[in-house]
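Report on one structure; see the data block that follows.
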Amino acid sequence: MGSKVVSRAERFSCFLRSLQDDQSSNSCTYEEDIHMIKTKGDKITAVNVYSANQTIFVCEKALPKINGQGDELNTETSNCSADDDEDSCDVLHTEQGPQPLTVMKARELLSLYTLSQNPAVSAVDSKPILHPLWVRCDMCDPAGTAWFGAEPVCAGNKVTGVKLYSVTCKGSDVEKKSLVTLEELKQVHKNRHHPSSSGIKGNARFSLFGSTIVENTTIESQSSVTVDFKWSHVESILEIPPLSSTATLNIKVVCGDMRSPMFEMYRELEFLQTLADGLKTGETEWMEPVESPSAVNLTKAYLEELRNMSKTLQDQAAKTTETQKLKQETDPPIFNSFLERGDLDFVEQLWDRMRKSVTSYQDIGDCLKLVVEALRYGDIKPWIHRDSNSSLSKLILQSYHQQIDHVSLTGITPVTMLLEMGLDKMRKDYINYLIGEELTTLNHLCYYLSTEVDLQEQVIRLRKLHHLLEIIVTCGTFLGLPYDRLFVLTQSCLNHYKTSTYDEEHEFKLQIKPALISHFYQKEHPVVWGVEISSSQGLREVRTSLQLSDKPLVDHAIFKTDLPNETVNGDIEEPAFFSTMMCCSFTSFA
């Protein structure tokens with residue numbers, strides 16, 4: 001009997017090692033009904049505490065194959081035996097998501113894994129160490145076990161033991177007295193490990209910015225700012241993180257939020273992207289015009305205004321500034337731009353008119369023809385910034401000497417010229433803010449401002465710069481972060497995007513002092529609150545932890561709940577927390 005078990009353990013180990021060594025595959029089937037996945041531990045919320053930075057094996061039930069067209073994937077309750085406690089399986093398992101194994105099967109697989117790692121039973125000394133194994137469980141035991149895990153403990157290349165993990169879950173509950181107390185958690189740890197001494201640490205996550213509820217209506221937002229706290233000397237469950245905690249902001253900002261002061265700049269950038277996409281694909285989906293007069297009529301009126309202007313250039317600049325101020329006063333309250341400048345030159349003002357009104361390639365060509373003709377005949381002598389780089393700016397400089405190169409405004413030339421105008425203008429907008437707020441220097445912006453790369457790459461870098469501004473403005477406006485934190489965040493974003501692709505899903509991290517945001521979280525409920533008790537040290541360290549969360553940390557079960565959403569007087573009730581307990585033990589092979 002013993003030899004058969006050892007043989008099974010070795011076969012299971014060979015199967016895992018084959019998957020571990022296979023660079024082309026991240027999943028396969030074991031014994032027909034078990035699905036094995038190779039993934040990163042931080043992708044599984046419930047096991048993230050123990051295996052965040054490791055590659056792990058995830059073991060789950062293989063989905064049944066559908067043979068007939070009439071077959072359907074239904075949501076079913078887990079198959080629990082009649083002997084199971086009737087309250088212990090108060091969950092549903094959906095067959096459209098990951099499927100758990102029975103607790104008994106999970107224990108069997110963990111036993112095979114552990115046995116295969118024991119040098120006294122199996123020859124593992126000369127073989128690479130296996131990734132940790134985590135098995136989804138159906139929670140149909142009295143404890144409500146959702147996960148079992150095992151991880152080899154090594155001294156050098158030699159396996160000296162195994163750490164065994166269990167994750168148990170309970171459904172949501174608003175009664176704080178029904179939650180496990182800190183003393184009870186300490187007793188659980190003491191009963192399992194009999195430590196002479198132990199340490200205790202707290203952690204919590206609060207949401208500072210994201211989706212909001214206004215008059216029972218949820219305003220969805222893809223952007224989010226959360227803060228993670230870590231502290232020692234925990235005194236009670238769900239205690240507020242002390243001001244001595246370490247705090248880290250997790251910032252994810254998706255551009256295009258109408259609540260953002262950057263929204264108008266985002267619309268301008270979207271038009272710029274439309275032009276770039278048109279050059280790349282040959283097809284353009286034009287945005288709805290903001291101005292009612294046609295682009296050609298707006299351009300004619302602007303040129304006529306310049307022809308009739310007899311004032312000095314200084315007066316012209318002053319009038320431009322006054323026009324900008326009047327415009328700001330008439331904009332809706334939702335737009336409070338940080339980036340509007342009062343020193344827009346001729347090309348920038350022309351861009352501003354055209355991007356709000358053009359609806360075709362013909363519009364662009366006709367507008368630029370009017371401008372080039374006015375320059376050629378000396379009808380206008382517009383001023384431009386000294387460092388302007390667009391093709392139109394170069395023609396204007398030539399017009400000062402009555403020598404203008406011939407420009408064929410056909411094909412893609414007009415679109416290219418307009419795209420250059422927009423890139424030039426928006427780069428100055430971003431420089432104006434970042435330098436003006438002393439958040440960086442021109443030297444640190446060289447990568448983003450380079451015109452040595454092609455236009456498509458210039459647009460990509462401008463989008464990165466815009467995303468950076470969205471992040472800074474969000475943290476400065478909605479969180480009120482001080483200058484020193486915004487400066488550090490700016491440098492972090494600039495350095496990240498010099499080597500990374502554009503990604504609005506990326507989460508930027510920023511260390512802050514809890515006192516800076518205490519008014520945001522001290523009266524709020526945490527998204528996640530946790531406590532961890534640990535004893536022993538080094539490889540033999542063992543931990544017992546509790547996580548309370550507003551959403552379940554288990555993705556292969558749907559918890560039943562009959563909790564009301566509101567009280568009788570309409571106030572939101574105390575939050576309901578899902579309880580997840582994680583225990584670990586150490587088994588030595590010595």
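The values are calculated or read from the model by the stated rules, or taken from the named source; none is laboratory data. Predicted model only: the values in this text are computed from it and were never measured. Reconstructed Cβ throughout: ideal geometry from the backbone, glycine too, with neighbour counts over all protein chains shown. Surface accessibility is based on the protein's heavy atoms, side chains included, excluding ligands, DNA and RNA. Shrake-Rupley method; radii C 1.70, N 1.55, O 1.52, S 1.80 Å.
The HN-Hα couplings worked out from phi for segment 41-56 by the Karplus form 6.51 cos²θ - 1.76 cosθ + 1.60 (θ = phi - 60°) are x, 6, 7, 10, 4, 5, 9, 4, 4, 9, 10, 4, 9, 10, 7, 10 Hz, whole numbers, x standing for Gly and Pro. Rolling a 1.4 Å probe over the protein heavy atoms of segment 432-561, with every protein chain left in place, gives an accessible area that is 51 percent carbon and sulfur. In this structure, the amide hydrogen of PHE209, modeled 1.01 Å from its nitrogen in the peptide plane, lies closer than 5 angstrom to those of VAL225, counting only residues at least 5 positions away or on a different chain.
Taking every C-alpha pair closer than 8 Å and separated by at least 6 residues, the mean separation divided by the residue count of segment 471-564 gives a relative contact order of 17 percent.
The GluC sites (Glu not before Pro) of segment 356-446 meeting both criteria, a DSSP state outside H, G, I, E and B (loop) and at most 16 other C-beta atoms within 10 angstrom of the site's C-beta, are GLU437, GLU438. Shown in residue order for segment 295-306 are the 3J(HN,Hα) couplings computed by the Karplus curve 6.51 cos²θ - 1.76 cosθ + 1.60 at θ = phi - 60°: 4, 5, 5, 5, 5, 4, 5, 5, 5, 5, 4, 5 Hz (x for Gly and Pro). Distance from the alpha carbon centroid of segment 387-450 to that of segment 195-209 works out to 52 angstrom. Computed from backbone phi with θ = phi - 60° and the Karplus coefficients 6.51, -1.76 and 1.60, the 3J(HN,Hα) list for segment 458-467 is 4, 5, 4, 5, 5, 4, 4, 5, 5, 4 Hz; x is used for glycine and proline. Rounded, prolate or oblate: pick one for segment 3-59, where a ≥ b ≥ c are the square roots of the eigenvalues of its C-alpha gyration tensor, a/c under 1.5 means rounded, and failing that, prolate if a/b is larger than b/c, else oblate. Verdict is prolate for segment 3-59. Need one word for segment 368-507: rounded, prolate or oblate. Basis is the Cα gyration tensor (sqrt eigenvalues a ≥ b ≥ c); a/c below 1.5 gives rounded, then a/b vs b/c decides. Prolate is the answer for segment 368-507, as a/c is 1.5 or above and a/b outweighs b/c. What does the C-alpha gyration tensor say about the overall shape of segment 147-191? Classify as rounded when a/c is under 1.5, otherwise prolate if a/b is larger than b/c, or oblate. Since a/c reaches 1.5 and a/b is larger than b/c, the shape of segment 147-191 is classed as prolate.
If you sort LYS300, LYS230 by accessible surface, 1.4 Å probe, largest first, the order is LYS230, LYS300. Extension gain for the segment ALA62 to MET287, taken as residue separation times 0.36 nm less the Cα-Cα distance, is 76.2 nm to one decimal. At an R0 of 45 angstrom, the distance between the Cβ atoms of LYS509 and HIS406 translates into a FRET efficiency of 0.25. Accessible area ranking (1.4 Å probe, heavy atoms, ligands and nucleic acids excluded), largest first, for LYS509, LYS523: LYS523, LYS509. Residues whose amide H comes within less than 5 Å of that of THR160, counting only those at least five positions distant or on another chain, are VAL153, CYS154, ALA155 (H built at 1.01 Å from N in the peptide plane).
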